[in-house]
Each structure stands twice: as C-alpha cells, then as structure tokens.
Amino acid sequence: MKILLAVDGSSYTKHMLAFLAARPELLGGDRTYTAMTVVPALPPHVTRFLPNGVETAYYDEQAQQVLKPVQAFAVQLGWSMELRHAVGVPGDAIAEAASAGKYDLVVLGSHGHGALSSMVLGSVAARVIAQCKAPVLLVR
C-alpha cells in the first residue's frame, strides 16, 4: 500500500504520526510511506530581487525543517519512507501529488476548524478531500 503523509511540522502532524504508529494493524502489513510538505510560494515581487539559487535554497530549507523530524520518527519505527516537497498551495499540491503518484491513501492531521472558519480561512483538508480521488484519512 502506497501512503502519502501530508506533513506541516505542527502538533497535528505529530498527533497523526503517533496515531499511525500506535495502530500498525490499521493499514496492513506491506506499506510504503511518502512524507510530503508544501512550502507556500514567495510573492513574485519578492523573488525578482533575489539572486539566483536563493529562492530554491529557501524552499529546500523550509521543507527540511518539517521533513527531518518526520524522517527521524520513521527510522525509529522502521518505516520505509520517501521524502518530498512542493511549492504552492498546500491542498492543491497534496491532491496533485496523490493523483500523480497513484497513492492508495492520503493521511493528514486536521486542525479541526469548524465550518465557519473553514469557509472564511479555507482548509487544507477540505481542499484535499474535494480534489483527491484517493481515500483520505483525517486524524484529529
């Protein structure tokens, strides 16, 4: 089973990882994980003043701050894990990656915003669910 873990470094990510670790029977025996984080794009009016390579280095650094602890957690548990990151709108990028990678399941921690705040603020989880063809497991 190919599982895409959408991670952002928050306590919700930690809770989601702990939930999966405590329930190994939930996803079956043969599984591979890909941990993915999405770094919001810098505004174009900022990037035009940056020297070559600085923008890419910034995105890589931001992604590694999120992915390194997830990788360390996976190593402790003996999970097979690939790491990746994208730049853009998180909900869109996660759904796109799930489709392109033909994942069997997408798992993400949910902040648990209510309906009103989701309408006003938007919700990564709502965007992923709306756009994703793979099953999505939300862990609150």
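The values are calculated or read from the model by the stated rules, or taken from the named source; none is laboratory data. Since the structure is predicted, the reported quantities are computational estimates derived from the model, not experimental observations. Counting neighbours? That spans all protein chains shown, and the Cβs are built from the backbone with ideal geometry, glycine included.
What the table shows:
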quantity: Residue match in the stretch 42-59 (condition: of a type in the set (Gly, Ala, Ser) and touching a residue at least 12 places away in the same chain (Cβ under 8 Å)); calculated: no
quantity: Failed item, numbered, when Leu83 is tested on (1) assigned to a helix (DSSP H, G or I); (2) buried (at least 16 other Cβ atoms within 10 Å of the Cβ); calculated: (1)
quantity: Residue list for the stretch 27-36, filter: in contact with a Lys or Arg (Cβ under 8 Å, 6 or more places away or on another chain) and either in a loop (DSSP other than H, G, I, E, B) or among the hydroxyl-bearing types (Ser, Thr, Tyr) (or both); calculated: Arg31, Thr32, Thr34
quantity: Hey, Ala125 under 23 Å from Pro69 (Cα atoms), at pLDDT below 95 and either part of a loop (DSSP other than H, G, I, E, B) or among the aliphatic types (A, V, I, L, M) (or both) or not; calculated: yes
quantity: The stretch 1-38 - residue that is modelled with pLDDT of 95 or more and among the aromatic types (Phe, Trp, Tyr) and, of those, surrounded by the most Cβ atoms within 10 Å (Cβ to Cβ); calculated: Tyr33
quantity: Residue list for the stretch 93-112, filter: part of a strand (DSSP E or B) and of a type outside the set (Val, Ile, Thr); calculated: Leu105, Leu108, Gly109
quantity: Close pairs (6 angstrom Cβ cut-off, 6 or more residues apart or separate chains): within 12 Å of Ile3 (Cβ to Cβ) in the stretch 92-103, among the small types (Gly, Ala, Ser) and buried (at least 16 other Cβ atoms within 10 Å of the Cβ) anywhere; calculated: Ala98/Ala134; Tyr103/Ala134
quantity: Count - residues of the stretch 1-58 that are touching a His at 6+ places or on another chain (Cβ under 9 Å) and among the hydroxyl-bearing types (Ser, Thr, Tyr); calculated: 3
